[in-house]
Structure formats: structure tokens, C-alpha cells
């Protein structure tokens, strides 16, 4: 068993996992020039609207490291907003492994807190989570 070697990477990388709603993002940071790939596609291509791009890159802009790291991100589940939030959370966690001095900045922006709001389950005897079937007196 000691003969097995893992493939070596050229640069050390830092990992972070982010979650939001049902979306999960696995982030791999390496020193570079600021190139971000999400599921093998360019960052601007994957998140088409400016608001989603701002949310997803908020961790990098808060710490001022947007042009110092290359990010390779795999995100699955959920919709565009949930995925952008998951990427934001994953980047913040990966930046913590890079430098622990980023913690106060990220904490003050609320980027390290996992947003626990989830979709409420549908209950029996009603058509949705809160909505009731129409009541008829007669």
C-alpha cells in the first residue's frame, strides 16, 4: 500500500466548501492572476447577470484578492441565486485557509456564516407549505 502515490500539483491549492439552499460549491484556490472557472466555463459566462457576479465574487473583493488567485469551482444543485451564494461561501472558506488574517474582514461582511434558510416542506392536507385548500361552508 505504500507504493501508491497521489498525483502532484504544481502549485499548492486551498479548498473550501460553500452551501446555500440546496446548492453546494467546491472551491479550489491557487495563486494566479484572477481567472475563475465555474464548472469548466468562464465566470462571466456562468453567471450572466451582474448582480450574481457581484454576490459570487464578494469574498474576493472584500479581502482585495480578486487578482491574486485563480479559482476552479464546481457547483451543483439549486438555482442561479443559490449557486452564487454557495460560491461566495466557498470562496470565503478557501480564503481562510490561505491566510487566517482575513477572518475579521470576512466575518464583518457576514461571508463565513452559512445561510440556513431552506425551502419549507409541503404538509399533508394542504397544497403547499403554508397555503390551505379553499374552505367551503356549504
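Being closer than 19 Å to residue 45 by Cβ and either in contact with a helix residue (DSSP H, G or I) (Cβ under 7 Å, 6 or more places away or on another chain) or surrounded by fewer than 19 Cβ atoms within 10 Å (Cβ to Cβ) (or both) is a property that does not hold for residue 116. Evaluated against (1) at pLDDT below 95; (2) touching a helix residue (DSSP H, G or I) at 6+ places or on another chain (Cβ under 6 Å), residue 88 falls short on exactly one condition, (1). Taking the condition surrounded by 15 or more Cβ atoms within 10 Å (Cβ to Cβ) and assigned to a helix (DSSP H, G or I), does residue 81 pass? Taking the combined requirement at face value, the residue satisfies it. Taken over the stretch 68-77, residues that are surrounded by fewer than 19 Cβ atoms within 10 Å (Cβ to Cβ) and either within 13 Å of the chain's Cα centre (by Cα) or at pLDDT 95 or above (or both) amount to 4. Quick one: is residue 65 at pLDDT below 95 and either part of a helix (DSSP H, G or I) or in contact with a strand residue (DSSP E or B) (Cβ under 7 Å, 6 or more places away or on another chain) (or both)? Taking the combined requirement at face value, the residue does not satisfy it.
The combined condition, being surrounded by 11 or more Cβ atoms within 10 Å (Cβ to Cβ) and under 27 Å from residue 13 (Cβ atoms), is fulfilled by residue 94. Restricting the search to the stretch 1-27, which residues are assigned to a strand (DSSP E or B), buried (at least 18 other Cβ atoms within 10 Å of the Cβ) and either modelled with pLDDT of 90 or more or out of contact with any strand residue (DSSP E or B) (no Cβ under 8 Å at 6 or more places or on another chain) (or both)? Hits for the stretch 1-27 are 14, 16, 18, 19, 20, 23, 24, 25, 27.
The values are calculated or read from the model by the stated rules, or taken from the named source; none is laboratory data. Predicted model only: the values in this text are computed from it and were never measured. Neighbour counts run over all protein chains shown; Cβ positions are idealised from the backbone, glycine included.
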